[in-house]
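Input: a single structure, listed below in structure tokens.
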Amino acid sequence: MSNVGFVCPECGHRAQEAGTCPTCQDEALLDCTRPDVLQLLMEMDQRRRDRLEGWTRIGSVLLGIVLAILLVIVFPPISGLLPLPRFMNVVLLMVGVGGGCYFLLTRLIRVRPRFPWVEDVVAGGPS
């Protein structure tokens, strides 16, 4: 763990000496020999993944609603496929389209970890 050095929490730049980040200019480099700093870096990556997942969920719901309404307008017989009231068919269509959008968006859009090497260092592997 001693050869990891220092890292910028904003851009992920790694350096062997303490100081400020050459990329961000004003950001202080964090000491990666400290376990609490490594934990902080892992939590920062997790927060970025969680934020993207939340936005993906919201976008999928909105996209599901809009696409389902457009589908019912363009192709009205689709709202009568199941033996339920028309409103329930449209709601189920929204849920299905939204779920499909969520599935596709989570496969297409991924957050690249800013600190991919941290988990290896914590586990005792190479840095």
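Would it be correct to say that residue 43 is within 24 Å of residue 9 (Cβ to Cβ), within 17 Å of the chain's Cα centre (by Cα) and without any contact (Cβ under 8 Å) to a residue 12 or more places away in the chain?
Values: within 24 Å of residue 9 (Cβ to Cβ): yes; within 17 Å of the chain's Cα centre (by Cα): yes; without any contact (Cβ under 8 Å) to a residue 12 or more places away in the chain: yes.
It is true that residue 43 is within 24 Å of residue 9 (Cβ to Cβ), within 17 Å of the chain's Cα centre (by Cα) and without any contact (Cβ under 8 Å) to a residue 12 or more places away in the chain.
Looking at residue 103 and the list (1) over 22 Å from residue 121 (Cα atoms); (2) surrounded by 14 or more Cβ atoms within 10 Å (Cβ to Cβ), which single condition is not satisfied?
(2)
Any chance you could count how many residues in region 82-109 are closer than 30 Å to residue 48 by Cβ, of a type in the set (A, V, I, L, M, F, W, C) and assigned to a helix (DSSP H, G or I)?
Taking region 82-109 first, the residues closer than 30 Å to residue 48 by Cβ are 94-109.
After this cut, where a residue has to be of a type in the set (A, V, I, L, M, F, W, C) as well, the list is 94-95, 97, 101, 103-105, 108-109.
Next, only the ones that are assigned to a helix (DSSP H, G or I) stay: 94-95, 97, 101, 103-105, 108.
Residues meeting the conditions: 8.
(1) basic (Lys, Arg); (2) touching a residue at least 24 places away in the same chain (Cβ under 8 Å); (3) closer than 18 Å to residue 7 by Cα: which one isn't true of residue 49, the others all being true?
Residue 49 satisfies all of (1) basic (Lys, Arg); (2) touching a residue at least 24 places away in the same chain (Cβ under 8 Å); (3) closer than 18 Å to residue 7 by Cα except (3).
For residue 33, which of the numbered conditions (1) touching a residue at least 24 places away in the same chain (Cβ under 8 Å); (2) in a helix (DSSP H, G or I); (3) under 30 Å from residue 115 (Cα atoms) fails to hold?
Going through (1) touching a residue at least 24 places away in the same chain (Cβ under 8 Å); (2) in a helix (DSSP H, G or I); (3) under 30 Å from residue 115 (Cα atoms) one by one, residue 33 breaks only (2).
When you scan region 57-100, how many residues do you find that are touching a Ser or Thr at 6+ places or on another chain (Cβ under 8 Å) and surrounded by fewer than 17 Cβ atoms within 10 Å (Cβ to Cβ)?
Result for region 57-100: 2.
For the subset of region 6-45 comprising residues that are of a type in the set (S, T, N, Q) and either closer than 17 Å to residue 123 by Cα or crowded, with 16+ Cβ neighbours inside 10 Å (or both), which member is modelled with the highest pLDDT? Outline the logic, then answer.
First pass over region 6-45, keeping only residues of a type in the set (S, T, N, Q): 16, 20, 23, 25, 33, 39.
From what is left, the residues that are either closer than 17 Å to residue 123 by Cα or crowded, with 16+ Cβ neighbours inside 10 Å (or both) are 33, 39.
Numbers: 33: 85, 39: 91.
In this case the residue turns out to be 39.
Mind listing just one residue for me: the one in region 36-70 that is in contact with a Leu (Cβ under 7 Å, 6 or more places away or on another chain) and not β-branched (Val, Ile, Thr) and, of those, farthest from residue 114 (Cα to Cα)?
68
The values are calculated or read from the model by the stated rules, or taken from the named source; none is laboratory data. Given the structure is predicted, the values throughout are model-derived calculations rather than measurements. Virtual Cβ from ideal backbone geometry, glycine too; neighbours counted across all protein chains shown.
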